[in-house]
Amino acid sequence: MQGIMPALRGRGRPLFASTTMSFPDLSDRRAHDRRPLRIVAHVLLPNDRAFEVRTLDIGAGGMGILASANPKPGTSFAIQFTLPSKSGASGAPLQIKVKVANSVLGMDEGGFKIGLQFLGLDPATERVLRQFLQ
């Protein structure tokens, strides 16, 4: 490394700092744990358009989806999906208002991985989610 260092200097000082980089602790970004959920869901846009997405995971406060579009953080819409029951049977469809928390290109997944935050859950929907997550 000693032989390389002189080549990495510019105008008498190193081009790269030799200090240790620190990264923010991202472990507490979510308020709730998530459970894997791989089903089809439908994004319902305000202009009466809808498109199909795949879910990735779900928790009490939000869910992850995989979509071909890349919405901006803060974008709100509704998402509709049906949670499977513990017996594997189909349950009642849920429609929940959500807000985009983040969106990143998932190179291996072939779309954008989008983190959604649930907005204004009614008590019945909260109960269904809680039962599913147990």
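What to note about this one:
- Protection proxy ranking, peptides 92-101, 111-120, average beta carbon neighbours within 10 Å, highest first: 111-120, 92-101
- Residues whose amide H comes within less than 5 Å of that of residue 94, counting only those at least five positions distant or on another chain, are 81, 82, 83 (H built at 1.01 Å from N in the peptide plane).
No value in this document is a laboratory result; all are computed from the given coordinates. Treat the numbers as computed from the prediction; the structure is a model and nothing was measured. Glycine gets a Cβ as well: all are built from the backbone with ideal geometry, and neighbour counts include every protein chain shown.
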